[in-house]
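Throughout, read-outs are computed from the coordinates displayed, never taken from laboratory work. Small disclaimer: the values here were computed from a predicted structure and weren't measured. Cβ sites come from the backbone with ideal geometry, for glycine too, and all protein chains shown count toward neighbours.
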Amino acid sequence: MGKVMVIKDDELYSIARIANIDFALRDPNTARLIINKDRVIETNTVKGLTVSSEEIKDGVKINISLAPETKVENPVHLCFGVTHKKAIQRIVLDIEIGENSQIVIFSHCVFPNAIDVKHIMDAKIKIGKGATYSYLERHIHSEEGGVTVIPKSRITLKEGARLKTEFELLSGRVGNIDMDYETVSEKNSVMEMTARIDGKGKDIIKIREVGNLVGESSRGVLTSRVAVRDKARAEIYNKLVATAPYARGHVDCKEIIQGDAVASAIPIVEVANPKARITHEASIGSVDAKQLQTLMSRGLTEEEATGLIIEGLLS
């Protein structure tokens, strides 16, 4: 059983309920850290996992370390909430995963009342030799489009390490997101980064993901699935660089546009070793007319059919 610190107040249960992690509050074997703006309101750790936090101006500094040869059985829940209508939240995150360890982290970013909220994340992540690390980021925003999200991550994969990241907006308007992730992958490591975002209104989506395959037989995949409609804008920049023999990689970007939306995709592949290989695929276009007609012939309205097609793209 872990060490529990909890402030029992309405904020905690409100954020947990919105993020759909009420169950985690009742389980002593589930590690978690729940923050509202710049205040830690609940934390729990498990054997082998150390989580420390320090409240700073407008946010929290967090250090997470996992001991070598440790497997965390249940997903760890990090919940970064802002229940205020107007606020700045800064998260400084330092994660170190020990050799041959395994961990899955669910990161819940919850801004249900946002009119003018800025969430700034600066993360440094080191994944030890032979370790496996999954970071699944789920966002819940208000319908006002008043959220600005600026996540930055610098990730190092040691020999034989495995990384999987996923970014999803589950509900609400995007607002403005400016994502900047970069990885360095050493020998025999595997990296997968995926982003799925649906923009509408005047949302602005910027994604920059860079993978550096510097170790022999390292592998990497960058995947983006973005839909923009109304007057939304999307700029996707995906780059894979292979400098080691037998490195393999793929960049896959698909975007759907509707209305007055604008989308751009810049897939870059760079190979500096004759024994390495990287491929890429990018496409931007409207909803497929044949799919749309098929769904409408089954009784769906155009709007319902379009939503279903976009949902399929983002799944």
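Listing for the model above:
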{"quantity": "Computed helical MRE - 222 nm, the chain, DSSP H runs ≥ 4 contributing -39500 (n - 2.57), nearest 500", "calculated": "-3000 deg cm²/dmol"}
{"quantity": "Highest-fluctuation residue, Gly201, Gly215, Gly299 considered, GNM on the chain with Cα pairs under 10 Å", "calculated": "Gly299"}
{"quantity": "Estimated FRET transfer efficiency when R0 is 45 angstrom, pair Phe23-Thr279 (beta carbons, to 0.05)", "calculated": "0.60"}
{"quantity": "Fraction of beta bridges assigned by DSSP in the stretch 4-287 that are antiparallel (%, nearest 5)", "calculated": "10 percent"}
{"quantity": "Distance in nm between pseudo-label sites at Glu73 and Thr301 (7 Å out along the Cβ direction from Cα)", "calculated": "4.9 nm"}
{"quantity": "Net lengthening on full extension, Lys124/Lys231 (0.36 nm per residue, minus Cα-Cα)", "calculated": "35.1 nm"}
{"quantity": "Cα-based Rg of the stretch 4-287 normalised by 2.2 N^0.38 Å, two decimals", "calculated": "1.01"}
{"quantity": "When each of Lys164/Lys231; Lys71/Lys164; Lys61/Lys86; Lys126/Lys275; Lys86/Lys200; Lys86/Lys152 is checked by Cα-Cα distance, pairs over 24 Å", "calculated": "Lys164/Lys231; Lys126/Lys275"}
